[in-house]
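Structure first, commentary second.
The values are calculated or read from the model by the stated rules, or taken from the named source; none is laboratory data. Predicted, not measured: the structure shown is a model, and the values here were computed from it. Don't worry about glycine lacking a Cβ; one is built from the backbone with ideal geometry, like all the others, and counts go over all protein chains shown. Ligands, DNA and RNA are excluded from the accessible area calculation, which covers all protein heavy atoms including side chains. Shrake-Rupley method; radii C 1.70, N 1.55, O 1.52, S 1.80 Å.
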Amino acid sequence: MENQNSLKNTGGKLQGLVERITFTSEEDGYSVVKIKAPGYRDLVTVVGNFVSLCPGETLLMEGTWSAHARFGRQFRVDRYETTAPSTVPGIRKYLGSGLIRGIGPKMAERIVKRFAEKTLDIIESQVERLLEIDGIGKYRVGQIQKAWGEQKEIRTLMIFLRSNGASAVLASRIFKNYGQQSVDIVRENPYRLAMDITGVGFLTADRLAVNLGFAADSPLRAEAGILFVLHESAEEGHVYMPCSLLMELCRNRLQIETHILEEALSRLRADMRIKEEKLPPAASGQFEDERAIYLRPLHASEVGAAARFDAIRRYRRLQPRIDSQEALNWVRGRLNFSLAPLQQEAVKQALREKVIVITGGPGTGKTTLVRAILAIYERIGARVSLAAPTGRAAKKLSETTGHPAATIHRLLEFSPQLGGFQRNEHKPLPTDLLIVDEISMMDIVIANHLLKALPSQAVLILVGDSDQLPSVGPGKVLGDIIESGRFPVIRLTEIFRQASQSRIITNAHLIRQGAVPDLRADSGQKQDFYFINREDPQEALKTIVQLCTERIPRRFGLDPMEDVQVLSPMHRGEVGSQNLNFVLQNALNPRGITLELAGRTFRINDKVMQIRNNYDKDVFNGDIGRIRRIDHENGEIRVEFDGRSVKYDFSELEELLHAYAISIHKSQGSEYPAVVFPLLTQHFMMLQRNLLYTAVTRARKLVVIVGSKKALAIAVKNNRIQSRFTLLKERLSPQAQ
């Protein structure tokens, strides 16, 4: 058998043992693989599109040799076959690769030592013999048997999908969702994948459908395409789409005629997948009879939020009327500080109105004002609650006010087991005053859930910075509330004396006003705002690495992993977050226990970020943690989030990204001791004032911008904020009541 697996390299053929997989594209299975081949001293690099390879397998390939300018000699694979490993080293690597849950490298070593070349046959047909291995009991044998069977089914599914143009990674997601019905469901309606499986988009399902013979103008494709465009627009922040624009986008994206799309729209409306209503004249633009097309959950959220805002505003206060001047005098004596005139006005509004908005930039006294309002309400015996959209924002709110604060999800007692938020209109929050911070981050869906759970007699105070980026999710709740003119809005503009000594704060306000920040350097003196001129992206990258690994830790005594956060306006490019993560991981955490999976490398102590809400694990989009354990045998890792350990199966790691560098959008609601970010003209599409302002205001002690002054000037001048299609403002306005 050994002779059959020896290297064959005549003509365009090559055979060898998969040693490791250094990169895999989730989209198309394109992989860079290192193989061990007799006759070659070093590992051979092969590249091509593969179906779920595992280390230890034998590859028989046909292709061509080429010389890559950066990576050297490679074998480009056109066709290939795989065989299960037959040698002891191959079997050991195959089993220890994480392929089968319950078997890691150490357990694989013990199994192969006992059964040698017969190992895979034993697992296939005599799995009970694994009980002969010390440390393997009946439970572990059952685990291994189940995983082995699933792997066989997944491999069959992968071959079916791959032969029809789907990616290798997609198969495991489909199998996890549909199990043994997978192939039948995919054949019947591949567009279900985009609707049922998180992370699978319409484009992936569409490619699969084409290969399965579905017509380009099929009714299923038209319906799925409309939903795809609506979901895509929601990801861009829109709550609805004007029908004419939706039809235009669908025609261009799908190449389907209008009458077919209109028929599909009617079916979606009849199936209650979408909601349609006539746009009010002010929002209909150039079209007299323009219609707004909503995904039903977004329509319910917008209508529900508007109704609840009005109900809370109209409901009478249960607390007794309080003399505002007496309350202000009491606060001054109690907290030993005086409030500025605008802050005093805000206190008066908070004691008189049911809903108020407090907005202002850093250093304008929002926290001081919240502390004063809290003290007064607690003095009269009111029940108070504090919340923020993210864990970090809630933690900061708690630290600055001295009062417990929770994320909105925790406040509303989200339970995946019981199905959704447990606090709602039937079980409202036990509170008389709710203060929500970082309100610019709150999208329309969360706003609706929060308002449903707020008792009508309660007072609602919304605190935030209207100049920051809008929410990642759909809507512009803070902007719509302010623009509606329905509720009192207190704009804090005065920068207090202590805050004015920070150049971070003064420069943030200059940026907000459209002025170039003060970049003067105080010779030999420590300051909190630096600009390092770098025009070339490679030089900027080199400087950022030096800052994070040497210069900031040495000069400011900050921990490069815990205290320094790199932000980037873009994902791609030399100084995009993807490449920054790769370079900074190798600079800050180059060694340790490692997991290589789907072309990504995870190490113990890596800094990682959750990229979608996971209610089962109680971790949410934007939460940052550290990998504390990698368990190859059980196929799981442990990530520590704010002192809490969370388990991830290897199959769930698409929920995590490295977080040495993150996007500025993902940084919303968080603060870091030091922020470093590149700002180059190659970021032209993302050079916007609110993006720059948000990045600067994430820092508590230090900001370092690495880039060009031209890019900085472009960002400061560009105050064009992409409009979002939302009707919350119109639903809230007095004319709508």
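Of the strands (runs of 3 or more DSSP E) that lie entirely inside the range 32-102, those containing 3 or more residues that are open to solvent by 10 Å² or more (accessible area, probe 1.4 Å) and over 23 Å from SER651 (Cα atoms) span 58-68, 72-83. For ARG253, the criteria (1) of a type in the set (Lys, Arg); (2) farther than 30 Å from TYR191 by Cβ; (3) under 33 Å from the mean Cα position of the chain (by Cα) hold in every case but one, which is (2).
Which strands (runs of 3 or more DSSP E) sit wholly inside the range 349-455 and have at least 1 residues that are within 26 Å of HIS509 (Cβ to Cβ) and among the polar types (S, T, N, Q)?
The qualifying strands (runs of 3 or more DSSP E) are 355-360.
Can you find even one residue in the range 625-641 that is part of a loop (DSSP other than H, G, I, E, B) and closer than 21 Å to ALA393 by Cα? No, every residue in the range 625-641 fails to be part of a loop (DSSP other than H, G, I, E, B) and closer than 21 Å to ALA393 by Cα. Being of a type in the set (Lys, Arg) and within 19 Å of the chain's Cα centre (by Cα), is that true of even one residue in the range 589-610? Yes, the range 589-610 has at least one match. Annotation: of all residues in the range 591-606 being in a loop (DSSP other than H, G, I, E, B) and within 25 Å of VAL47 (Cβ to Cβ), the one that is least open to solvent (accessible area, probe 1.4 Å) is GLY599.
Residue-wise test of (1) assigned to a helix (DSSP H, G or I); (2) at pLDDT 90 or above; (3) over 30 Å from GLU353 (Cβ atoms).
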{"site": "ARG486", "(1), (2), (3)": "no, yes, no"}
{"site": "ILE504", "(1), (2), (3)": "yes, yes, yes"}
{"site": "LEU510", "(1), (2), (3)": "yes, yes, yes"}
{"site": "ALA521", "(1), (2), (3)": "no, no, yes"}
{"site": "GLU539", "(1), (2), (3)": "yes, yes, yes"}
{"site": "LYS542", "(1), (2), (3)": "yes, yes, yes"}
{"site": "VAL545", "(1), (2), (3)": "yes, yes, yes"}
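Checked against the criterion of being touching a Pro at 6+ places or on another chain (Cβ under 9 Å), within 23 Å of LEU351 (Cβ to Cβ) and either without any contact (Cβ under 8 Å) to a residue 12 or more places away in the chain or open to solvent by 10 Å² or more (accessible area, probe 1.4 Å) (or both), the range 452-467 contains one or more residues that satisfy it. Within the range 555-576, the set of residues being hydrophobic (A, V, I, L, M, F, W, C), closer than 27 Å to ARG628 by Cα and outside any helix (DSSP H, G or I) comprises LEU558, MET561, VAL564, VAL566, LEU567. For the range 187-211, give me each residue that is open to solvent by 30 Å² or more (accessible area, probe 1.4 Å), of a type in the set (D, E, K, R) and under 15 Å from LEU161 (Cβ atoms). Within the range 187-211, ARG187, GLU188, ARG192, ARG207 qualify.
Among the residues of the range 556-578, those that are open to solvent by less than 50 Å² (accessible area, probe 1.4 Å) and not small (Gly, Ala, Ser) comprise LEU558, PRO560, MET561, ASP563, VAL564, GLN565, VAL566, LEU567, PRO569, VAL575. In the range 513-538, what residues are open to solvent by less than 90 Å² (accessible area, probe 1.4 Å) and without any contact (Cβ under 8 Å) to a residue 12 or more places away in the chain? Of everything in the range 513-538, those that are open to solvent by less than 90 Å² (accessible area, probe 1.4 Å) and without any contact (Cβ under 8 Å) to a residue 12 or more places away in the chain turn out to be ALA521, ASP522, GLY524, ASP536.
Which one is modelled with the lowest pLDDT among residues in the range 331-350 that are open to solvent by 10 Å² or more (accessible area, probe 1.4 Å) and small (Gly, Ala, Ser)? If we take residues in the range 331-350 being open to solvent by 10 Å² or more (accessible area, probe 1.4 Å) and small (Gly, Ala, Ser), then SER338 is modelled with the lowest pLDDT.
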